[in-house]
Amino acid sequence: MHLPHNTFMRLAYGLVLIIGIPGLLFLALWPFVGWRWALPLPIAWNMLAAYGFFFGWRHIVVKTASCTSPLLPESFDGYRIVQLSDIHIGTFLRNRSFIDKMVRIVNEQHPDLVVFTGDLVNVSAEEVIPFQHILKEVSARDGVFSVMGNHDYCEYGEDKSKYNIRRNQNVLKYLEEKAGWHLLLNDHVVIRRGEDAIGLIGVENISRPPFPDYGDLHKALGDLPKGMFKVLLSHDPSHWRRGVLHQTDIALTLSGHTHAGQIRVGRFSPAKWAYNEWGGKYVEDGSMLYVSLGIGGTVPFRFGAWPEVNVIKLYSQQQ
C-alpha cells in the first residue's frame, strides 16, 4: 500500500512544484513586465526544483546546537545527543544506500544518546522490514530512544479499518524494539552518571487537527522530580508553546514534523505559514526547543532544507 501512496504523493507534489508554482509566478509578473521578462523566473524555479528532486534529498548535513542550563549536573557537561527525525523510510525503498549513509553519519558523531522524534514510516509498518539490519547499527553509549509521529499510527493507508491500523501500529512497535530503538509511549527513563541523573521523556503524538492527538505529558512525566534536567521528545513542535513552555520545568524539547516544507531559501520557508517554530533552536523563559528539519519525506525532494542529522550538546551553567 505504501507504493501507491508514494506514487500519488510524488505526482501531486511534482505537479505543484513544476507546474503550479511556476505558473503562479508567471501570471503574477506577466501583467506588469510582459511575457519575455516574466518567463525567466519560472524557468529558474524549475531548475532549482529539478536539483531538489535529483540531488537535494541526498545531501545530508550535520547541524549542531548547544543547550546550557543550570539544571544540568556537571557530570553531564558536554553530553552529546544526536537527534534524527522524519525518516519516512518507505520513500527510500529503491535508494537503500541513503539510509546506510544516514546511519554512518550518526555513528560518526560518537553520541552519548540517540533520539528519534517520529515519522519512521509513511503509511505501513512493512516499510521498515528491508532496513532492519541497518537500523540496528545505530548506536550510542546510553541507547537509542524514539517516539511516534503522526505517520507512525499508520492511518493514511488505503485500508483504514481499525484492525489494519492497530495491526500496523503493533508491528511497527515490534520492529523498532527489535532494532534496539526503545519506544517511549507516554513514558520516561532516567539516565545516570554516577549519582547524578537526567530524565528523558517521550510522548505519543500531540498535535492540532487534522493530525492525531494521543499524547499525555502528565503521564509521561510520572514521578520525575522538579528541578531535574529533563529532555522531552515530542514530534510536533507546536506542543512546546501549547503544553510545555511556562507550564513545566522541562529544559529541552526536541521535535520534528515540519520538514521546513522541504524548501528553504535563506530565512524563508513555507513552513512559516503553519508553525511559529518550524526549524532550528528557540529559547524562551529558560526552556529550549529544537526543531529538526528531518531526513526524508513522502516525496524525495529537498531544496535548502537539506536532510539533517542534529547534534545537541548539553552544558552546565555552573561551569
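Considering only protein heavy atoms and a probe of 1.4 Å, how much of the accessible area of the chain is carbon and sulfur, as a whole percent?
59
If you place +1 on the Cβ of every Lys and Arg, -1 on the Cβ of every Asp and Glu, and leave all else neutral, what size is the dipole of the chain about its Cα centre, to the nearest 20 Debye?
The calculation lands at about 940 debye.
Please give the FRET efficiency for residue 101 paired with residue 33, using the beta carbon to beta carbon distance and R0 = 30 Å, rounded to the nearest 0.05. If you can, show how the numbers build up before the last one.
Working: r = 44 Å, r/R0 = 1.45.
After rounding, the FRET efficiency stands at 0.10.
So I have (1) 33; (2) 47; (3) 29, and one of them is percent of Cα pairs over 32 Å apart calculated from this model. Which one is it?
(3)
When a/c reaches 1.5 or more, the comparison of a/b and b/c decides; with that in mind, is segment 136-195 rounded, prolate or oblate per its Cα gyration tensor?
Details: a/c = 3.46, a/b = 2.36, b/c = 1.47.
Cα axes put segment 136-195 in the prolate bin.
Pop out the ³J(HN,Hα) list for segment 292-307 in order, Karplus 6.51 cos²θ - 1.76 cosθ + 1.60 with θ = phi - 60°, rounded to Hz; leave Gly and Pro as x.
6, 7, x, 9, x, x, 5, 10, x, 8, 8, 9, x, 7, 4, x
GNM on the chain, C-alpha springs below 10 Å: top fluctuator among 142, 152, 119?
142
In degrees between 0 and 90, to the nearest 10, how far off the longest principal axis of the chain does helix 96-108 point, with axes built from Cα atoms?
Around 40 degrees separate the two axes.
Take peptides 243-251, 304-312 and line them up by average Cβ neighbours within 10 Å, highest first, as a rough protection proxy.
304-312, 243-251
Mind checking which of 202, 280, 256 has the largest fluctuation in a GNM of the chain, springs on alpha carbons under 10 Å?
280
For segment 201-260, rounded, prolate or oblate, judged on the Cα gyration tensor with a ≥ b ≥ c (square roots of eigenvalues), a/c < 1.5 rounded, else prolate if a/b > b/c?
Cα axes put segment 201-260 in the prolate bin.
Take the alpha carbon gyration tensor of segment 153-252, find the square roots of its eigenvalues, order them as a ≥ b ≥ c, and report rounded if a/c is under 1.5; if not, report prolate when a/b exceeds b/c, else oblate.
Since a/c reaches 1.5 but b/c is at least a/b, the shape of segment 153-252 is classed as oblate.
Rolling a 1.4 Å sphere over the protein heavy atoms, what is the accessible area per residue of the chain, to the nearest Å²? Before the final figure, lay out each step's value.
Working: 14600 Å² over 319 residues.
Here the per-residue accessible area is 46 Å².
Say we join alpha carbon atoms closer than 10 Å with springs in a Gaussian network model of the chain; which of 121, 189, 138 then has the biggest fluctuation?
Looking only at 121, 189, 138, the biggest GNM fluctuation is shown by 189.
Pairs of Cα atoms under 8 Å, at least six residues apart: use those to get the relative contact order of the chain, whole percent. Show your work: numbers first, answer last.
Numbers: 696 pairs, mean separation 82.5, N = 319.
Over the chain, the number comes to 26 percent.
Out of all DSSP beta bridges in segment 197-300, what portion is antiparallel? Express it as a percent rounded to 5.
35
The values are calculated or read from the model by the stated rules, or taken from the named source; none is laboratory data. Keep in mind it's a predicted model, so treat the numbers as computed, not measured. A quick note on method: Cβ atoms are made from the backbone with ideal geometry, for glycine too, and the neighbour counts reach across all protein chains shown. The area values use the complete protein model at the heavy-atom level, side chains included, leaving out ligands, DNA and RNA. Shrake-Rupley method; radii C 1.70, N 1.55, O 1.52, S 1.80 Å.
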